[in-house]
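Everything below concerns the one structure shown next.
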Amino acid sequence: GSLPRIVKARLVSPFVSQRLRPFLSLTRRPDLEELLDLIATGAVRPVVGRTYPLEQTGKAIAEAGGGHARGKVVVVIDDDDLKA
């Protein structure tokens, strides 16, 4: 998770030209409601870079984790997958 990244940023920060700090955000109900409205109206839409069938989930994770994904990586679950 993010804890090792935060620790690493704190340790490396004095030795690099950039100031590395953790980014924390607060979740507020009015903000989430506004975001929901934007999604419902189609004003905000995710960019899907590539889709994978369920049996190729490993490839999807590798693409997303490798930092090469352009847009979101989506794993598609068919009705047949749910019956198995």
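Just checking, which of L20, L24 is loosely packed, with under 10 Cβ neighbours inside 10 Å, outside any helix (DSSP H, G or I) and either hydrophobic (A, V, I, L, M, F, W, C) or modelled with pLDDT under 85 (or both)? Even if it seems obvious, please write down each step before you answer.
Values: L20 fails: loosely packed, with under 10 Cβ neighbours inside 10 Å.
Among L20, L24, only L24 is loosely packed, with under 10 Cβ neighbours inside 10 Å, outside any helix (DSSP H, G or I) and either hydrophobic (A, V, I, L, M, F, W, C) or modelled with pLDDT under 85 (or both).
Go through region 36-76 and give me each residue that's in a loop (DSSP other than H, G, I, E, B) and surrounded by 11 or more Cβ atoms within 10 Å (Cβ to Cβ). Hits for region 36-76 are V44, A69.
When region 1-17 is limited to residues that are open to solvent by 100 Å² or more (accessible area, probe 1.4 Å) and among the hydrophobic types (A, V, I, L, M, F, W, C), the one that is modelled with the lowest pLDDT turns out to be L3. Of the residues making up region 55-71, those that are at pLDDT 90 or above and of a type in the set (D, E, K, R) are E55, K59.
Of all residues in region 43-67, those that are free of Cβ contacts under 8 Å to residues at least 24 places away in the same chain have Cβ atoms under 9 Å from Cβ atoms of residues that are open to solvent by 70 Å² or more (accessible area, probe 1.4 Å) and of a type in the set (D, E, K, R), 6 or more apart or on another chain, in A43/D37; A60/R50; E63/R50; A64/K72.
The values are calculated or read from the model by the stated rules, or taken from the named source; none is laboratory data. Owing to the predicted nature of the structure, the values given are computational and were not obtained by experimental measurement. Using ideal geometry, Cβ is built from the backbone for each residue, glycine included, and neighbour counts are taken over all protein chains shown. The area values use the complete protein model at the heavy-atom level, side chains included, leaving out ligands, DNA and RNA. Shrake-Rupley method; radii C 1.70, N 1.55, O 1.52, S 1.80 Å.
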